[in-house]
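A quick write-up on the structure given underneath.
Values in this text are rule-based calculations from the coordinates and carry no lab data. Since we're looking at a predicted model, the values are computed, not measured. Every residue, glycine as well, gets a Cβ built from its backbone with ideal geometry; the counts of neighbours run over all protein chains shown.
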Amino acid sequence: MPDQPVRVRFPPSPTGLLHVGSARTALYNWLFARHAGGKLVLRFEDTDRARSTDAAVEQALRVLEWLGIDWDEGPSRQTERYPRYAAAASGLIDAGRAYRCYCTAKELDAEREARQRSQQPLIYSGRCRRLSDEQRAAYEAEGRSSVVRLVMDPAGETVIDDIVRGTVTWDNALQGDFIVLRSDGSPTYQFANPLDDIEAEISHVIRGEDLLSSTPRQLAVYRAMGAGEPRFAHLPMILGPDKKRLSKRHGAVSVEEFRDRGYLAETMRNYLALIGWSFDDKTTVMTTAELVERFTLERVNTSPGVFDFAKLEWLNGEHLRMLAPERFCDELLEHLERSGSPLAAQPERVREVAPIVQEKLRELSQFESYGAFLFGPAVYDDEAVGRVVDDPDAPRALESARAALERLVEWTAASIEEALRAACDETGLKPRVLFGPVRVAISGRSVAPGLFESLALLGRDESMARIDTLGRRFTLEG
RNA sequence: GCCCCCAUCGUCUAGUGGCCUAGGACUCCAGCCUUUCACGCUGGCAACACCGGUUCGAACCCGGUUGGGGGUACCA
């Protein structure tokens, strides 16, 4: 179907948290639509009424909004279109392309077991396909419930030209008549999905590889409905570190968890795009605009990819550093508020501290551990303090730093640096020997933002007090 | 059982017959820079699953083996 306008869709089933696999599928559809100037349709496939929840719908909407994935039509819900599916099914029955099946679960199980034993494919025999009117009436009189099955022509094969996988072929004899309407009249996924795609005039079906083998059944619906067929693009799966399908036991898998840990939406788009797709042999860090400009289905991979948490973390650091300072502050504040951090109550202070930690963080959630000492009393890390206490030069370092700082007229990062370096010259102590204890004194840790900036932000009085506090350890323990 | 898909460093990948003694990135290691960490820089470890075939020549093409994944529901 060449030169059709590009219309793609993202059809999650709202049965749980939207995880990174679905997010990647949504992203690819979005990138493809935006790149081509096409439309993205959002639809919730909630025909599994037992598992679908409104909460999941809302969560999915929130995630998409946060990810910056917008859509042009919808969201619709399949549960709102039941009459449409039922009508389509009865139309197919009238046309002889579908039929009522009265087989009971027990009968079906027996059939399946027999096939299992004889090493046959586990498909429905089609027993009810040629029921006479009398037999049908008898079953009805018996009070048997029925489902509607689609007639699958066992002759020949079904072939698709998948954009990422190339030619894929199925033997039609191995398909079997599948259920399109359950006994309660509700549609199955195999029916509602292609039907909706037909009516939404979807041009490209971009989805996970787990749906590849359902393609011949859905194509059968297209044919039964006399509809033109879409192009398919089946994306490789995302796996956990153990090469098994990514799931909760591998750690965070819901997109919101990443957001809450301080990952940028920009990072997630960049990283997710890279599992199963690449631009060239050396580009890794990309803005979303670049992604949209560069994304093509032709460069999507065929082999499954392992979700690499370490690389995601690194990439987030890259994007965090690329942020303009004001935007970094905004993101930081938003994160602190969302995570319920007490630091969120001091936005002005956060804005002062943010610049000196921006280049250090890989996750926004690390902000507290880096900067908390600038918001309240330092929490002393035993190991860091221990190292200072064991250092024979520490008392001298602290004392000379103290003396140098005390003389300062102007309390700025620059003047502080000047004074402390002068102290190094005076005492003959190396910078690292002299600065180390001071850092621990004011921050409580050996890992902290820049020392001079930190002292400047802390203020003279508080800085001196903290240096004295640590200094006292020597007189007590000495 | 049956069907489908996949197979390059630990991981993400580049590579569509000679440019490959296989390139980039993450991780890890060493070093430099440096007030620690981080950043940055330099260097290092590390892969074409296996067996056949096609070809003057295969990571790239074909077949098989093995391994992994998916499907086989009145789930989606």
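Rounded to the nearest 500, the 222 nm mean residue ellipticity of chain A from helices alone is -14500 deg cm²/dmol, with -39,500 (n - 2.57) taken per DSSP H run of at least 4 residues.
Only Cα pairs under 8 Å and 6+ residues apart enter the sum, and on that basis the relative contact order of region A:367-478 stands at 38 percent.
Directionally averaged projected area (region A:406-470, Cα convex hull): 4.0 nm². Ranking A:Val438, A:His319, A:Asn172 by how far each Cα lies toward the positive end of the dipole of chain A (charges on Cβ) leaves A:Asn172 at the top.
Principal semi-axes of the equivalent ellipsoid, √(5λ) from the alpha carbon gyration tensor of region A:1-154, are 39, 19, 17 Å from largest down. Counting other Cβ atoms within 10 Å as a rough exposure proxy, the listed residues A:Met464, A:Met268, A:Met322 run A:Met322, A:Met464, A:Met268 from fewest neighbours to most. For region A:370-478, GluC sites (Glu not before Pro) meeting the loop criterion (DSSP other than H, G, I, E, B) and having at most 13 other Cβ atoms within 10 Å: A:Glu410. Using a cutoff of 8 angstrom between alpha carbon atoms and counting only pairs six or more residues apart, the relative contact order for chain A works out to 12 percent. Residue pairs exceeding 27 angstrom between C-alpha atoms, taken from A:Lys282/A:Lys360; A:Lys39/A:Lys282; A:Lys311/A:Lys360; A:Lys248/A:Lys360: A:Lys39/A:Lys282; A:Lys248/A:Lys360. Looking at chain A, the pairs of alpha carbons with a distance over 33 Å make up 54% of the total. Close amide H contacts of A:Ala98 (hydrogens built in the peptide plane, cut-off under 5 Å, sequence separation of 5 or more or a different chain): A:Ile93, A:Val151.
Most simply put, region A:1-153 has about 35% antiparallel DSSP beta bridges, counting only bridges with both residues inside it.
Relative to the compact-globule estimate of 2.2 N^0.38 Å, the Cα radius of gyration of region A:83-218 comes out at 1.14.
Counted over chain A, the DSSP beta bridges are approximately 55% antiparallel.
Straight-distance candidates among the aspartates and glutamates for linking to A:Lys244, with alpha-carbon spacing under 20 Å and chain neighbours fewer than 8 residues away dropped: A:Glu209, A:Asp210, A:Asp308.
Check the straight Cα-Cα distances from A:Lys430 and name the aspartates and glutamates below 20 Å, setting aside those fewer than 8 residues away within the same chain. Excluding near neighbours in sequence, the set is A:Asp390, A:Asp391, A:Asp393, A:Glu399, A:Glu417, A:Glu418, A:Glu453.
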